[in-house]
Amino acid sequence: MASLVLAEHNNSTLSEATARAVTAARHLGEPVHVLIAGSGCGGAADEAVLLQGVDTVVVADDPRYAHMLAEPVAMLILSLASGYASVLAPATANGKNILPRVAALLDVPQISDVTRILSPDHFERPAYAGSVIETVAAPDGKKVLTVRVSAFAPAPSGGAALMVSIPPAADPGLSEFLDETPALSGRPELSSAKIVVAGGRGLHTAENFHHLERIADKLGAAVGASRAAVDAGFAANACQIGQTGQSVAPDLYLALGISGAIQHLAGIKDAKVIVAINKDEEAPIFGIADYGLVADLFQALPELELALGK
Ligand code: FAD
């Protein structure tokens, strides 16, 4: 029996989240297969073949998988599941959408947000916004796991896996792709960015948030936000970091006008260096920041932008 990793990709390239999920799968001690479900996805499959630790890349190339709709992709995984001890996916929007459906169809519990694999049936995962790490034992039978990508290093390239093509599975016909408007920011992907510049309610307006975006662009950084900033309409939903948003693990995290609520901190615990600017010296963010500046953002941001422009 092997472990099957559902790949995250855009058909032509593989997301780094897949390489990280492969590392997690290797801890299960079984051969690792990567499933590329997509349409015109040869480029992504070619990249998966090169990941070290991958034994086989299974490619289902069909228009019905072009947009990773949960219903047809779950049916595809179900059609393959008898050959696998475990099915894993990165805990991304796709993984969180598809794997619970797979678990339900297999009638097994899903273990979500795995941060450490202790054995093939014992896992660590955060609970209560990351303030507790629980160890869970999975019952006998197939394991369905979503993994926190920030907790696992990406598998390096240099492998030479086998590639096999498989036909599509039956489409349950429950969903139809209508439209999507991609955000064409050109910035790095938030979950794997090396630098993240994040803003909170302290920025006060969406206009001020653009100021932060200019600083992010100067640093080649991804843009993140607290939930309060997203709720206030300063930033898009996809920028939210924290318990109910994304987890990030950058080398440098800049928190601008973010108080540091526990639900926000849950998403940045793997950041290496945290720099905070806040006008309140008692703000909890200073409790975890490596560098803190007590200052008014409206003075500090123009100075920072000017300094970065030099
Ligand atoms: P605030 O707490 O209002 O902080 C704003 C900060 O800006 C303050 O510290 C203030 O001193 C500073 N400030 C104001 N003006 C200036 C200025 N001019 N210059 C410098 N600093 C200034 N939150 C998340 O972020 N992510 C989540 O995923 C998340 N999930 C949640 C899930 C649940 C179930 C719940 C209950 C809450 C969740 N929250 C989440 C919300 C969280 O509790 C906080 O409310 C939120 O993080 C606060 O965002 P903030 O720090 O931007 O705002």
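The values are calculated or read from the model by the stated rules, or taken from the named source; none is laboratory data. Bear in mind the structure is a predicted one, so any value in this text is a computation, not a measurement. For neighbour counting, all protein chains shown are included, and Cβ atoms are generated from backbone atoms with ideal geometry for every residue, glycine included.
A few comments on the model shown:
- Residue within region 205-213 that is over 16 Å from the mean Cα position of the chain (by Cα) and closer than 20 Å to E281 by Cα present: no
- Within region 78-98, the set of residues being under 11 Å from V147 (Cα atoms) and assigned to a helix (DSSP H, G or I) comprises G95, K96.
- Filtering L162, L184, L174, L105 for residues that are modelled with pLDDT under 95 and either outside the structural domain of G29 (by the TED database) or more than 18 Å from the chain's Cα centre (by Cα) (or both) leaves a single hit, L184.
- Of all residues in region 1-47, those satisfying the criterion of being part of a loop (DSSP other than H, G, I, E, B) and polar (S, T, N, Q) are N10, N11, S12, T13, S15, S39.
- Single residue of region 151-166 satisfying the filter (among the aliphatic types (A, V, I, L, M) and more than 19 Å from V102 (Cβ to Cβ)) that is surrounded by the most Cβ atoms within 10 Å (Cβ to Cβ): A155
- Single match in V248, V230 (criterion: among the hydrophobic types (A, V, I, L, M, F, W, C), more than 20 Å from K194 (Cα to Cα) and in contact with a helix residue (DSSP H, G or I) (Cβ under 9 Å, 6 or more places away or on another chain)): V230
- Options S185, S192: the member that is away from the ligand (no atom under 14 Å from the Cβ) and within 14 Å of A271 (Cα to Cα): S192
Every residue, every condition in (1) touching a Leu at 6+ places or on another chain (Cβ under 8 Å); (2) exposed (fewer than 13 other Cβ atoms within 10 Å of the Cβ); (3) among the small types (G, A, S), yes or no:
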| position | (1), (2), (3) |
| --- | --- |
| V147 | yes, no, no |
| P168 | yes, no, no |
| F177 | yes, yes, no |
| H204 | no, no, no |
| A225 | no, no, yes |
| A238 | yes, no, yes |
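- The residue list D280, D270 contains one member that is surrounded by fewer than 23 Cβ atoms within 10 Å (Cβ to Cβ), touching a residue at least 40 places away in the same chain (Cβ under 8 Å) and under 30 Å from V132 (Cα atoms), which is D270.
- Options Q299, Q263: the member that is polar (S, T, N, Q) and free of Cβ contacts under 8 Å to residues at least 12 places away in the same chain: Q299
- Hits in region 240-254 (condition: buried (at least 17 other Cβ atoms within 10 Å of the Cβ) and more than 8 Å from the ligand (Cβ to nearest atom)): Q246, S247, V248, A249, P250, L252, Y253, L254
- Count of region 257-310 residues which are within 7 Å of the ligand (Cβ to nearest atom) and part of a strand (DSSP E or B): 2
- Answer residue from region 216-235, given it is more than 14 Å from the ligand (Cβ to nearest atom) and not in a strand (DSSP E or B) and is nearest to T92 (Cα to Cα) among those: A221
- The criterion of at least 2 residues that are farther than 26 Å from A44 by Cα is met, among strands (runs of 3 or more DSSP E) falling completely within region 111-214, by 116-119, 122-127, 132-137, 195-199.
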